[in-house]
1. Can you tell me which residue within the stretch 115-133, out of those that are crowded, with 19+ Cβ neighbours inside 10 Å and within 19 Å of the chain's Cα centre (by Cα), is nearest to Trp14 (Cα to Cα)?
2. So, in the stretch 134-146, how many residues would count as being loosely packed, with under 13 Cβ neighbours inside 10 Å, β-branched (Val, Ile, Thr) and either outside any loop (DSSP other than H, G, I, E, B) or without any contact (Cβ under 8 Å) to a residue 60 or more places away in the chain (or both)?
3. Return the residue satisfying two criteria in turn: it lies in the stretch 74-105 and is over 16 Å from Ala129 (Cα atoms) and charged (D, E, K, R), and of such residues it is surrounded by the fewest Cβ atoms within 10 Å (Cβ to Cβ).
4. Considering only residues that are closer than 17 Å to Gln121 by Cβ, surrounded by fewer than 21 Cβ atoms within 10 Å (Cβ to Cβ) and modelled with pLDDT of 90 or more, which ones fall in the stretch 205-223?
5. If you check Ala99, Ala95, which single one turns out to be over 22 Å from Leu31 (Cα atoms), in contact with a helix residue (DSSP H, G or I) (Cβ under 8 Å, 6 or more places away or on another chain), in the same structural domain as Gly65 (by TED's automatic domain parsing) and of a type in the set (A, V, I, L, M, F, W, C)?
6. How many residues are part of a helix (DSSP H, G or I), buried (at least 22 other Cβ atoms within 10 Å of the Cβ) and either touching a Lys or Arg at 6+ places or on another chain (Cβ under 8 Å) or small (Gly, Ala, Ser) (or both) when one looks only at the stretch 265-291?
7. Here is a list of conditions, (1) of a type outside the set (D, E, K, R); (2) modelled with pLDDT of 95 or more; (3) not in a strand (DSSP E or B), and Pro54 meets all of them except one; can you say which number that is?
8. So which residues in the stretch 106-133 are touching a Leu at 6+ places or on another chain (Cβ under 9 Å) and not in a helix (DSSP H, G or I)?
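The values are calculated or read from the model by the stated rules, or taken from the named source; none is laboratory data. From a predicted model like this one, the values you see are computed outputs, not experimental measurements. Note that we place each Cβ from the backbone using ideal geometry, even for glycine, and neighbour counts take in every protein chain shown.
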Amino acid sequence: MIGVDGATAEKGAWRDVPQGWRQLYGDFNKLGVSVEWHDFQTRRSLDWGRSFHPQSIEFCLNLTGRGEVRTSRARSDFVPGTSGYYAMTDDPFRATREANDHHQFVTLEFSRAHLQKQLAQNVSDLGAAMRESIFENGVHISTPRPMTSEQRKVVASLTEPPVAKAAQILWYQSKALELMAHFLFEPKDPEFFCMRQKRVARDRVERTKELLARDLANPPTLEMLGQEVGCSPFYLSRIFSRETGLTIPQYLRNIRMERAAELLRSGRYNVTEAAIEVGYSSLSHFSKAFCETIGCCPVLYPAAKNVILDR
């Protein structure tokens, strides 16, 4: 878990359900981003709006339980299996969680300044409502949509991040992008997508691959990658997935396992040494990733390498 020390103020908003709130990543006040998991039941309706920050945009992925967000002009009902967002200025929103429901939901809260910085180069790619919410300080409550199967899978994986701290930051950033990307960007018809943009995107993806391979034990964060290749981390995640069919963390795991297999084949590294070399401090996590990627447990791999390589 990252950023727990900076979560004191946020905990106060959930004091009626102290065990039902957990910060997974970030710190809204220090970093401008906070990813949080909620799991609770309460006998009385809960004032959910106390957790909202001024000048923020929060994305909510609602698994179970019923919640409501409203202003004097708009209202959205979050029923089980829906996702949406709400953009705030300095005026508080009213929000409640229904009594006696079992509430399970994930929130991704960003300061408006954080999103403005990250998306400054991709304003034209944003949907109209999102562009107004981020860059024109618009007050907006979206109509919740049914969660996709991909969103459900990402939410289910959030409580099991990589063990290595360096990998956790990149992993959580990428997961956050996966959860909110379909709210951020306007869909593009690939037939009308400019050839120059395609070439630039491919170049950025190839450069990202080079940067990830440079130091497998200490990979750069998503923000660092975006700075290096000249685009926002949000946009980089989007084009990387489109070009490769893999998220950045998935690609990183694959090249780590390929490198580990190479080390084991050399005969100069045992399993523990190979795991450490590619950034894994937990042998159990390394073994699981190796089996899923290479198709063989690492302790058996040197003996089975000819079978594996000839598949």
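1. Among those residues, the one meeting the criterion is Leu115.
2. Matching residues across the stretch 134-146 total 0.
3. Filtering first and then ranking leaves Asp90.
4. Within the stretch 205-223, the subset closer than 17 Å to Gln121 by Cβ is 205, 207-208, 222-223.
Now narrow it down to the ones that are surrounded by fewer than 21 Cβ atoms within 10 Å (Cβ to Cβ): 205, 207, 223.
The answer is Val205, Arg207.
5. Going through Ala99, Ala95 in turn, just one is over 22 Å from Leu31 (Cα atoms), in contact with a helix residue (DSSP H, G or I) (Cβ under 8 Å, 6 or more places away or on another chain), in the same structural domain as Gly65 (by TED's automatic domain parsing) and of a type in the set (A, V, I, L, M, F, W, C): Ala95.
6. 2
7. Only one criterion is unmet by Pro54, namely (2).
8. Result: Val106, Thr107, Leu108, Ser111, Leu126, Gly127.
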